[in-house]
Each structure stands twice: as C-alpha cells, then as structure tokens.
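The values are calculated or read from the model by the stated rules, or taken from the named source; none is laboratory data. For clarity, every value in this text was computed on a predicted model and none was experimentally measured. Don't worry about glycine lacking a Cβ; one is built from the backbone with ideal geometry, like all the others, and counts go over all protein chains shown.
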Amino acid sequence: MDNEGMNAQVPAADPTGGAALTIGDLAARTGLSTATLRMWESRHGFPVPHRRESGHRRYTEADVTAIETVVRHKDAGTRLELAIARAMADAEPASPSIYAFLKRRHPTLGVHRLRKSTLVALSWAIEDEFCSKAERATIYGAFQRERHYRDSEDRWREIARVSAGTTAFADFAESDAESSPRLVTLPDDAPMRREWAVVCDAIDLPVVLTAWELPGQEDVPDRERLFESMWTVDGEAVHDAARVCAAVARENGVDHPDVLRPDLARPHVPDLSAVTSLFNRMVAYVDRIGE
C-alpha cells in the first residue's frame, strides 16, 4: 500500500468529526437529562462524545439514534448495560474515516509515528500472518491509488480466496461488487483516500492497522515519510474498524453484509500464540525491509 500524494491533501484533523450537537441539544432531542447522559458516559462509556479543544462535548445525529435505541430497549425491560451494548453493536458508525473513528471510540489505543517503510513491513506481516490464516475472516484494505492495489493484486486475490469477504478501497474508475476482492472507488474528498489500512475482522485472529500521513512532507524521501499510526488485536476495535469500512463501501455502491454475520458479533478473542507469531513476523519484516 502507498499514500503517495497524500501530503498535499491532508488537512488538520477535525477533532469533533463534524459533530455539532451539544449535550444540552442531545438531552432535548432524546428526552433524557444531561445528568443522565453524563452518568451513562461515566459508568458505561456511552455515548462517546467528540471533544473540542476546549473540552466541550459534541455529538452527532447517529448518537441521537443510538440513545433512542437504548431507551426503547430499556423501556421494553432490557437492563441498561445490555441495552447500551446492543445499541453500540447495531449502530452504523457515522465516521467515514477508520483512523478518526478508532481514535475517538478507543482513545487508549497507542498512536505512533512510523515511517512508510515500517508501515509496508507491518502491512505485509499482517497480510501473511493473520489475513491468510484467520478462520473465515472479513478483510479490508485501503490503498489510496489503484496502481498501488494493482501492485498487490495477486496477494490480495489469494487472500480473497480463503476469506469470507475481501474489499479494497482506492481511486478505481468504478466500483465492482462482483470482483474478488470487491473494489470500492472513493471520491476525491473521501477521508479514506488519505488513509492506509489493513483490517482483518475474525473471531480467532482480529487485527487492524490504520494510519494517516502527517502534512508538510513534500521534500521528505518517500521511504522516510511519517505517519500517525495505530494497530491493535483488540477484537472490539477491529470490529469497529470493519463496520466503518462496511459503511463506506455501502455508501459507494458495494454492500458488504459479511460484517453483520452473527458469529462476528460475538467477542473476538485472539489466540496469544498467534499474536506472538504476528509480533515475531513484524519484527522480521521490519528488519528485512529496513536493510
């Protein structure tokens, strides 16, 4: 994967993700008090607010829908914590950016500045160790440019052969829901056109790597370009990344129902020996590509 040309396109990230509703607005729209909303956030991690630099909470229309869903389940007799878990699992993420959504939804994930050469090594390690071995995984890859996908097409066709479903995002001439992998074309202003990502959504071997290039690197050699990057084998975060990808694919003409499979709604628990193998492969690939 490559992010060539991203450095001239990447604006400063919007920390609110376009969210405009205050907590007072949210209370008025949902019929709950602001004290109740703050209590839910404190005790249950829901709703998850966007934060402005001032620290003020901001929310989206998707948050309104999710809270209304919780209230309906609660009124029907479901315990609050179960109603919240169900609403969070069912809600389609409003963010069209994997990186931004994970950073907001999972703020404890570590963010590291990595060179492009390191990201190449990590991506290959994930593709070889997890994507090719996971049990009926749903796989997504963000390539930015079609030519970069074509460079890896043989590898990704093989991944698609053994996966439950595989989707690639780039500036394709048109989307193709019948190909394998499925191809999703992204418009010029799509946030995922600026992102680097590999998502392997599976019960046994979940993993996500996502990154965006820091702006202002026009004169930096290609292999030395820096990216803000996150990767994790936390199943909940991986499934959230997959839901973002499925939503973006659907918005651009490619339905991807695999992410809603009942088995993938169960907790993802990675095998520790598999995680160790992935870590070892990452180290070996980084060392080899860095030579």
- Task: For residues that are part of a loop (DSSP other than H, G, I, E, B) and at pLDDT 85 or above, scanning just segment 8-62, find the one that is nearest to residue 101 (Cα to Cα).
- Result: 47
- Run down 109, 186, 209 and say which single residue is in contact with a helix residue (DSSP H, G or I) (Cβ under 7 Å, 6 or more places away or on another chain) and surrounded by fewer than 24 Cβ atoms within 10 Å (Cβ to Cβ). 109
- Quick check: anything in segment 59-76 assigned by TED's automatic domain parsing to the domain that holds residue 233 and without any contact (Cβ under 8 Å) to a residue 40 or more places away in the chain? no
- Task: Report yes if some residue within segment 157-178 is aromatic (Phe, Trp, Tyr), within 19 Å of residue 102 (Cβ to Cβ), in the same structural domain as residue 232 (by TED's automatic domain parsing) and at pLDDT 90 or above; otherwise report no.
- Result: yes
- Among 202, 170, 160, 247, which is over 19 Å from residue 108 (Cα atoms), among the small types (Gly, Ala, Ser), out of contact with any strand residue (DSSP E or B) (no Cβ under 8 Å at 6 or more places or on another chain) and surrounded by 18 or more Cβ atoms within 10 Å (Cβ to Cβ)? 247
- Task: Please determine, by comparing only the residues of segment 112-147 that are outside any helix (DSSP H, G or I) and of a type in the set (Phe, Trp, Tyr), which one is farthest from residue 279 (Cα to Cα).
- Result: 143
- Item | Pair list, Cβ under 6 Å, 6 or more apart: segment 156-181 residue farther than 20 Å from residue 205 by Cβ, other residue among the aromatic types (Phe, Trp, Tyr) | 170/143; 170/149
